[in-house]
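Student: Attaching a single structure in structure tokens format; questions to follow.
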Amino acid sequence: MSEIKIPEPNVVAKPTADISLIEYEKGVIQTESFPVIPKKNDKDDFVRPVKMSDLKKILTLIQAIKSDKIQWDEVAIGVATLGFGASISALLSDVKIATTLGKIFYILTPIISFSITVFVIMYKIMKHKIVSSSANAIEEIVTNYTDNENAKDDIK
């Protein structure tokens, strides 16, 4: 009679979370404990509890950064370039300044184009400041969760 060979098991057992509930006068405290299994590739990767209020702050800041649907500075750059191009074209076409077209192309169009260019520069500076302050706020929130003494005190 031939022997029946049982194949080697290819299943790995992983421990589950140890969940405990403690009742107190204002409600229930839920505690979850997980075994730490470090990844082979990244030993510095670990689970850290994060406050939901901090996640909401980060989400709000990111949504404010992403809120621009139309890039108005790009539209304004296009209009300013068109105005400067119109003035140069009028110059190359020998349009006289005494005519109505001359006054539009030599006086009005450069003033409007230059004003739009100043607007674009100021808009970019202000947008950079807003994005920078949002990034700094996000960085401040995230650095509270890095592995230092302050972060360990916050978690307790």
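Student: Please compute the modelled spin-label separation between GLU74 and MET126, points set 7 Å along Cα→Cβ, answer in nm with one decimal.
Tutor: In this crude spin-label approximation the distance works out to 2.0 nm.
Student: Could you calculate the contour length gain from ARG48 to TYR24, that is, 0.36 nm times the residue separation minus the distance between their Cα atoms, to one decimal place in nm?
Tutor: On the way: separation 24, 0.36 × 24 = 8.64 nm, distance 2.54 nm.
The ARG48-TYR24 span can extend by a further 6.1 nm.
Student: Quick check: from the Cα gyration tensor, does the stretch 77-127 come out rounded (a/c under 1.5), prolate or oblate?
Tutor: prolate
Student: Under a crude label model (7 Å from the Cα following the beta-carbon direction), how far is LEU101 from PHE114 in nanometres?
Tutor: It is 2.4 nm.
Student: So, in nm, how far is label ALA137 from label ALA64 when the simple model puts each one 7 Å beyond its Cα toward the Cβ?
Tutor: Each label point is offset 7 Å from its Cα along the Cβ direction, giving 0.3 nm.
Just so you know, all these numbers are worked out from the coordinates, no wet-lab data involved. Computed from a predicted structure; not experimentally measured. Every residue, glycine as well, gets a Cβ built from its backbone with ideal geometry; the counts of neighbours run over all protein chains shown.
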